[in-house]
Amino acid sequence: MISVVIPTLNEARSLESLVPSLAWEREYVEILVVDGGSRDGSADLARRLGARVLRAGRGRGTQLRAGAEASSGEVLLFLHADTVFPPGGLGAINDHLQRRPQAVGGNFRLLFDGDEPFDRWLEGFYAWIRSKGLYYGDSGNRLRLGPVPRKP
(Lines give C-alpha, C1' and ligand atoms only; values in the text may rest on other atoms or scores of the structure.)
Protein backbone atom coordinates (compact mmCIF):
# COMPACT_ATOMS: atom_id res chain seq x y z
CA MET A 1 0.00 0.00 0.00
CA ILE A 2 1.08 3.56 -0.72
CA SER A 3 0.59 6.17 1.99
CA VAL A 4 0.19 9.66 0.54
CA VAL A 5 1.05 12.45 2.99
CA ILE A 6 -0.26 15.92 2.15
CA PRO A 7 0.71 18.82 4.43
CA THR A 8 -1.88 21.60 4.39
CA LEU A 9 -2.42 25.13 5.56
CA ASN A 10 -5.55 26.71 4.08
CA GLU A 11 -5.61 24.40 1.05
CA ALA A 12 -9.33 23.54 0.81
CA ARG A 13 -9.60 24.64 -2.81
CA SER A 14 -6.68 22.45 -3.85
CA LEU A 15 -7.85 19.45 -1.85
CA GLU A 16 -11.18 19.45 -3.72
CA SER A 17 -9.46 17.94 -6.73
CA LEU A 18 -6.33 16.27 -5.32
CA VAL A 19 -7.92 13.93 -2.77
CA PRO A 20 -10.53 12.51 -5.19
CA SER A 21 -7.88 12.05 -7.90
CA LEU A 22 -5.88 9.88 -5.50
CA ALA A 23 -8.94 7.97 -4.30
CA TRP A 24 -9.84 7.12 -7.92
CA GLU A 25 -6.53 5.35 -8.49
CA ARG A 26 -6.70 1.56 -8.87
CA GLU A 27 -4.03 0.92 -6.25
CA TYR A 28 -4.88 0.72 -2.59
CA VAL A 29 -3.92 4.04 -1.06
CA GLU A 30 -3.94 5.63 2.37
CA ILE A 31 -4.44 9.40 2.13
CA LEU A 32 -3.20 11.38 5.12
CA VAL A 33 -3.85 15.11 5.20
CA VAL A 34 -1.75 16.72 7.92
CA ASP A 35 -3.20 20.11 8.74
CA GLY A 36 -1.11 22.85 10.28
CA GLY A 37 -3.98 25.00 11.58
CA SER A 38 -6.07 25.88 8.53
CA ARG A 39 -8.92 28.34 8.91
CA ASP A 40 -10.60 27.59 5.59
CA GLY A 41 -12.13 24.21 6.40
CA SER A 42 -9.31 22.17 4.83
CA ALA A 43 -9.39 19.50 7.53
CA ASP A 44 -13.17 19.06 7.45
CA LEU A 45 -13.20 18.89 3.66
CA ALA A 46 -10.37 16.36 3.55
CA ARG A 47 -12.24 14.19 6.06
CA ARG A 48 -15.45 14.38 3.99
CA LEU A 49 -13.44 13.36 0.90
CA GLY A 50 -12.24 10.24 2.70
CA ALA A 51 -8.77 11.27 3.81
CA ARG A 52 -7.44 10.55 7.27
CA VAL A 53 -6.81 13.92 8.89
CA LEU A 54 -4.08 14.63 11.40
CA ARG A 55 -3.19 17.88 13.10
CA ALA A 56 0.39 19.03 13.54
CA GLY A 57 2.24 22.24 14.21
CA ARG A 58 2.79 24.59 11.30
CA GLY A 59 5.69 23.89 9.01
CA ARG A 60 5.94 21.46 6.15
CA GLY A 61 8.71 19.41 7.79
CA THR A 62 6.75 19.00 11.01
CA GLN A 63 3.66 17.99 9.07
CA LEU A 64 5.50 15.55 6.79
CA ARG A 65 7.08 13.88 9.80
CA ALA A 66 3.72 13.53 11.57
CA GLY A 67 2.19 11.99 8.47
CA ALA A 68 5.09 9.59 7.95
CA GLU A 69 4.96 8.46 11.58
CA ALA A 70 1.20 7.85 11.38
CA SER A 71 1.27 6.09 8.01
CA SER A 72 0.79 2.36 7.58
CA GLY A 73 1.89 1.95 3.96
CA GLU A 74 5.05 0.29 2.71
CA VAL A 75 5.68 3.26 0.40
CA LEU A 76 5.45 6.96 1.28
CA LEU A 77 4.49 9.59 -1.26
CA PHE A 78 4.72 13.21 -0.12
CA LEU A 79 2.64 15.68 -2.14
CA HIS A 80 2.02 19.41 -2.13
CA ALA A 81 -1.71 20.08 -1.80
CA ASP A 82 -1.70 22.07 -5.05
CA THR A 83 -0.38 19.13 -7.05
CA VAL A 84 -2.28 17.80 -10.05
CA PHE A 85 -1.51 14.11 -9.68
CA PRO A 86 -1.20 12.15 -12.94
CA PRO A 87 -3.83 9.47 -13.61
CA GLY A 88 -2.17 6.11 -13.09
CA GLY A 89 0.61 7.67 -11.03
CA LEU A 90 0.29 5.23 -8.15
CA GLY A 91 0.40 2.34 -10.59
CA ALA A 92 3.56 3.81 -12.12
CA ILE A 93 5.13 3.91 -8.65
CA ASN A 94 4.19 0.29 -7.97
CA ASP A 95 5.42 -0.82 -11.41
CA HIS A 96 8.75 0.92 -10.90
CA LEU A 97 9.21 -0.62 -7.47
CA GLN A 98 8.43 -4.07 -8.88
CA ARG A 99 11.22 -3.59 -11.44
CA ARG A 100 13.63 -1.90 -9.03
CA PRO A 101 12.82 -2.96 -5.45
CA GLN A 102 16.13 -1.50 -4.27
CA ALA A 103 14.95 2.05 -5.16
CA VAL A 104 14.92 4.27 -2.10
CA GLY A 105 13.37 7.40 -3.56
CA GLY A 106 12.28 9.30 -6.58
CA ASN A 107 9.80 11.79 -7.91
CA PHE A 108 7.75 12.66 -10.95
CA ARG A 109 8.72 15.25 -13.54
CA LEU A 110 7.64 18.64 -12.26
CA LEU A 111 5.56 20.86 -14.55
CA PHE A 112 4.10 24.29 -13.85
CA ASP A 113 0.78 25.54 -15.20
CA GLY A 114 2.04 29.11 -15.62
CA ASP A 115 3.12 30.50 -18.98
CA GLU A 116 5.94 32.73 -17.79
CA PRO A 117 9.56 32.21 -18.84
CA PHE A 118 10.44 31.60 -15.19
CA ASP A 119 7.99 28.65 -15.12
CA ARG A 120 9.80 27.05 -18.06
CA TRP A 121 13.17 27.78 -16.44
CA LEU A 122 12.04 26.05 -13.24
CA GLU A 123 10.89 23.00 -15.21
CA GLY A 124 14.32 22.80 -16.84
CA PHE A 125 16.11 23.30 -13.55
CA TYR A 126 14.13 20.56 -11.83
CA ALA A 127 14.74 18.22 -14.79
CA TRP A 128 18.47 18.89 -14.43
CA ILE A 129 18.31 18.13 -10.70
CA ARG A 130 16.53 14.84 -11.42
CA SER A 131 19.15 13.93 -14.04
CA LYS A 132 21.76 14.13 -11.27
CA GLY A 133 19.79 11.71 -9.08
CA LEU A 134 18.67 14.40 -6.64
CA TYR A 135 15.06 14.31 -5.52
CA TYR A 136 13.61 17.45 -4.14
CA GLY A 137 10.71 17.21 -1.83
CA ASP A 138 7.02 16.62 -1.90
CA SER A 139 6.11 17.11 -5.55
CA GLY A 140 3.95 14.82 -7.59
CA ASN A 141 3.56 15.93 -11.17
CA ARG A 142 2.24 19.39 -11.74
CA LEU A 143 1.99 22.41 -9.50
CA ARG A 144 -0.64 25.04 -10.03
CA LEU A 145 0.32 28.68 -10.03
CA GLY A 146 -2.52 31.07 -9.38
CA PRO A 147 -6.18 30.27 -8.74
CA VAL A 148 -7.35 26.68 -8.73
CA PRO A 149 -9.83 26.02 -11.54
CA ARG A 150 -13.26 24.87 -10.40
CA LYS A 151 -14.84 21.73 -11.84
CA PRO A 152 -17.98 22.50 -13.88
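The values are calculated or read from the model by the stated rules, or taken from the named source; none is laboratory data. As the structure is a prediction and not an experimental result, all values here were calculated from the model. We place every Cβ from the backbone using ideal geometry, glycine too, and count neighbours over all the protein chains shown. Quick note on the areas: whole protein, heavy atoms, side chains included, nothing else; ligands and nucleic acids left out. Shrake-Rupley method; radii C 1.70, N 1.55, O 1.52, S 1.80 Å.
Computed on the Cα atoms alone, the convex hull of the range 27-67 gives a volume of 67 cubic angstrom per residue. Each residue of the range 83-96 was assigned a 3J(HN,Hα) from its phi angle through the Karplus expression (A = 6.51, B = -1.76, C = 1.60, θ = phi - 60°), giving 7, 9, 7, x, x, x, x, 5, x, 4, 5, 4, 4, 4 Hz with x at Gly and Pro. With a Förster radius of 22 Å applied to the C-beta separation of Asp40 and Asp119, the computed FRET efficiency comes to 0.30.
Cα centroid separation, the range 46-60 to the range 78-109: 21 Å. In the chain, helical runs assigned H by DSSP with n ≥ 4 each contribute -39500 (n - 2.57); averaged across all residues and rounded to the nearest 500, the mean residue ellipticity at 222 nm is -11000 deg cm²/dmol. Between Asp95 and Glu16, the contour length at 0.36 nm per residue exceeds the alpha carbon distance by 25.7 nm. Couplings for the range 113-122, taken from phi via the Karplus curve 6.51 cos²θ - 1.76 cosθ + 1.60 with θ = phi - 60°, read 6, x, 10, 7, x, 5, 4, 5, 4, 4 Hz in order; Gly and Pro are left as x. Using the Cβ-Cβ distance between Val75 and Ile129 with R0 set to 25 Å, the FRET efficiency from 1/(1 + (r/R0)^6) comes to roughly 0.70. Leaving out ligands, DNA and RNA, what percent of the accessible area of the chain is carbon and sulfur, probe 1.4 Å? Here carbon and sulfur together make up 52 percent of the probe-accessible area.
Take the range 1-137 with all the other protein chains still there, run a 1.4 Å probe, and you get 57 Å² of accessible area per residue.
Ordered by solvent-accessible area of protein heavy atoms (1.4 Å probe), largest first, the residues Glu116, Glu16 come out as Glu116, Glu16. Restricting the calculation to Cα atoms, every distinct pair contributes to the Kirkwood radius of the chain, found to be 15.9 Å.
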